[in-house]
Amino acid sequence: MSTSLNSNSAKIRRKFPGLSSTAFEHPSDKAALDAVKNIPVVDKIFRRFFELGLERIMRIQMMGQAIHVTPRQCPKIYKLFKEAADILDMHEPDLFLVSNPTINAFTFGAERPFIVIHSALVDLLDEDELMGVLAHELGHVKAGHALYRSIAHTLAQLASQMFGLGGLASMGLTASLYDWSRKSELTADRAELLVVQDVDVCLRSHMKLAGGSRSIYAQTNHQEFLQQADTYEELDYSTLNKVYKFIQELWLTHPVPVFRAKEISAWAKSRQYKEIMDGHYPTEEYCFILRACPHCNSKISPSFFFCPDCGKNTRI
């Protein structure tokens with residue numbers, strides 16, 4: 001594994017004191033999670049998750065087999081991690097670096113969530129991009145995704161044995177969790193942009209994750225990648241194509257990279273993002289006094305000038 005990251009310590013990034021996750025929550029994320037919570041068997045699964053000690057088992061495994069990133073262990077990575085947490089105004093959870101040739105990072109747990117990054121991911125990304133991925137995972141923690149995502153990742157293997165669910169019921173619940181998991185990624189992508197504060201960094205990460213090569217990145221083009229996202233959407237002209245795409249995406253925990261690139265590119269141009277960057281955003285202290293948008297009735301922070309859902313001026 002590479003022993004150093006490209007230095008980028010000179011950048012000064014805006015911080016967001018008191019930031020509430022409602023500031024960057026994607027509307028599809030909340031709707032899908034509400035649907036999951038309405039499934040009666042979910043409470044039973046949550047109880048078993050804690051009873052079986054899956055979080056403790058996984059933490060013990062990480063302590064024994066991975067590197068615990070601290071100020072004295074992998075300090076360059078920790079510095080990126082700490083800065084990302086400071087920008088989002090949250091305490092950093094435990095971070096582990098594990099030797100794995102698969103390009104991946106994930107958040108696990110509920111009582112004490114922790115983040116795991118794979119060595120292949122560190123080798124693939126530069127410093128800004130790695131900070132973005134760390135911010136993405138911190139976004140999951142701040143938005144309260146950790147428990148549901150942990151279950152989404154383990155349910156496919158454990159549901160039928162542990163909970164006595166029938167095959168169709170197990171598949172239906174897993175599909176619902178995976179649907180929410182994909183949409184929760186859009187929320188975490190927004191947290192990533194709030195930290196790196198450069199949409200090109202986000203696009204670079206999505207392209208590298210799609211192409212899997214750091215050495216070939218110089219030959220790639222952001223606009224071509226976004227055009228590819230348009231082409232992917234245009235495939236919906238055919239009902240059969242829609243069916244193929246549905247089957248292909250059904251068991252994915254993440255949206256396809258071209259879709260994520262297009263979504264974050266659009267959000268970077270939105271009024272909501274601009275307001276947050278200008279210091280107008282809901283805070284943890286005041287998130288309980290949300291008001292209704294006069295146009296679509298969505299619950300929004302009093303500090304928002306424009307509704308994140310419908311995009312209309314909330315001051316009229």
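No lab work stands behind these numbers, since they all come straight from the coordinates. On a predicted model such as this, the values are computed, not experimentally measured, just so you know. Note that we place each Cβ from the backbone using ideal geometry, even for glycine, and neighbour counts take in every protein chain shown.
Numbers for the structure displayed
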item: Contour minus Cα-Cα distance for Ile247 and Arg14 (0.36 nm per residue); result: 79.8 nm
item: Inter-label distance, nm, simple model (7 Å from Cα along the C-beta direction), Asn313/Ala31; result: 2.7 nm
item: Computed E for His68/Thr102 - FRET, C-beta separation, R0 25 angstrom, nearest 0.05; result: 0.80
item: Ile216 versus Lys274: modelled label distance in nm, points set 7 Å from Cα along the beta carbon direction; result: 3.8 nm
item: Linear extension gain, His295 paired with Gln223, 0.36 nm per residue minus alpha-carbon span; result: 22.5 nm
item: Aspartates and glutamates whose Cα lies under 13 Å from that of Lys274, excluding same-chain neighbours fewer than 8 positions away; result: Asp198
item: Extension reserve of the Leu240-Ile57 stretch, reckoned as 0.36 nm per residue once the Cα distance is removed; result: 61.5 nm
item: Neighbour-count ranking [beta-carbon atoms within 10 angstrom, fewest first] of Ile264, Ile67, Ile57; result: Ile57, Ile67, Ile264
